[in-house]
Structures are given as structure tokens and as C-alpha cells.
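Following: one structure in C-alpha cells, then a few remarks.
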Amino acid sequence: MERSATASARADGPDAAILEVLQAATRVLAGVALRSVDVLHGAVSLPQFRVLAVLEDLGPSRSGRVARALGLEPSTVTRLADRLVASGHVRRGGDPRHRSVVTLELTSSGRQLVARVREWRHAELSRILGGLAPADREATARALRLLVDAAGDGYGSLRRGLVPL
């Protein structure tokens, strides 16, 4: 089956090389994110870690807000939170004015897990950036900031940063 002229132009156009580089960068950054959770030696799964990271960023929050921040269904966050509460990484609470409201909050154990992953990511990204000349590091940071800003809110932007993978 032949590709349409529009699809061919899109794939072979002036942005094709840029898109290839972005795909490669996505694989590198996703790899860093996935490997970073390995430092926890199975204490939590990647989806559970994402809940912890969002709670670290948002602070104590309604479970519905956590679900929206992660782009997940509330029932999925409830199941993830159940496991995190059982393992002692999250505390579940409520709102005395609204009995149906469930709040989630990191425990000190949950905060420690997030800190360990962030420290590992920081070290690994520093190692990777260390392979670049200073001017290239600055250019990379500028380009990535532009990309993050262009992506907008639908891709994990939160109050203090990006929702980690």
C-alpha cells in the first residue's frame, strides 16, 4: 500500500530529522525514568511511584485531583493508593465536611522513596549532560524548555515541575 502524498511529505519533510531526534530523546528520558525506579528494589511499581511523585508535588490532595494530574481514572488511583497505604507510603484521610471526599498524603516513607528516585535521576542526568560541552548543555536546556512550554498543561505540568514518569 502506498503512503499518501501528505503522509510522505510529513515523514520526509524538513521536520523529519527533528522528529527522529525527539523520538530518540524520548527513549533516553523514558529509560532514565524507568531505571530510576529500580533503585527502590521493588518497593513500588512505576504507576505507584507516579502517585507518590504527584503527591510530593501537590501535597495532601483529594484523590480526584491526583487522578486528574496523572490522567487516570479515579478508580485506578484508588487501587494504586490502596497498595501505597498498605505499604505505609501514603496516608488516606477524609474531609469531615464531605464524607465522600478521600484525601491522600505522603508519609515520611513515601517522601524518602521519591527523594531516592529524584537523587538517582539527578545523578544520571548529570552524567549524561557531562558528555556535552558547556555551551551544548545550555543549548539543550533552552531547547527542552521551549519544548516543555510548547507541550502545555496536558503533558504533566504541575505547580513545581513535571509529573515524573
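Quick one: count up the residues across the stretch 73-128 that are touching a strand residue (DSSP E or B) at 6+ places or on another chain (Cβ under 7 Å) and of a type in the set (Gly, Ala, Ser).
The number of residues fulfilling the criteria is 4.
Quick one: in the stretch 59-117, of everything that is surrounded by 13 or more Cβ atoms within 10 Å (Cβ to Cβ) and part of a loop (DSSP other than H, G, I, E, B), which residue is modelled with the lowest pLDDT?
72
May I ask you to list the residues in the stretch 100-119 that are over 18 Å from residue 34 (Cβ atoms) and in contact (Cβ under 8 Å) with a residue 24 or more places away in the chain?
Within the stretch 100-119, 101, 102, 103, 104, 105, 106, 110, 111 qualify.
Could you list all residues from the stretch 136-147 that are among the charged types (D, E, K, R) and surrounded by 11 or more Cβ atoms within 10 Å (Cβ to Cβ)?
136, 137, 138
Tell me, yes or no, whether the stretch 120-135 has at least one residue that is of a type in the set (Asp, Glu), surrounded by fewer than 19 Cβ atoms within 10 Å (Cβ to Cβ), free of Cβ contacts under 8 Å to residues at least 24 places away in the same chain and closer than 24 Å to residue 34 by Cα.
No: zero hits.
Which count do you get for residues in the stretch 12-43 that are among the charged types (D, E, K, R) and in contact (Cβ under 8 Å) with a residue 12 or more places away in the chain?
1
Mind telling me which of the residues 52, 22, 34 ends up being closer than 21 Å to residue 127 by Cβ and of a type outside the set (Lys, Arg)?
34
How about the stretch 131-164: which of its residues are part of a loop (DSSP other than H, G, I, E, B), modelled with pLDDT of 95 or more and under 17 Å from residue 25 (Cβ atoms)?
Those that are part of a loop (DSSP other than H, G, I, E, B), modelled with pLDDT of 95 or more and under 17 Å from residue 25 (Cβ atoms): 131, 132.
When you check residue 45 against the structure, is it modelled with pLDDT under 95, surrounded by fewer than 17 Cβ atoms within 10 Å (Cβ to Cβ) and within 28 Å of residue 112 (Cα to Cα), yes or no?
It is true that residue 45 is modelled with pLDDT under 95, surrounded by fewer than 17 Cβ atoms within 10 Å (Cβ to Cβ) and within 28 Å of residue 112 (Cα to Cα).
The values are calculated or read from the model by the stated rules, or taken from the named source; none is laboratory data. All of these numbers come straight from a predicted model, not from anything done at the bench. When we count neighbours, we look across all protein chains shown, and the Cβ atoms used for this are built from the backbone with ideal geometry, even at glycine.
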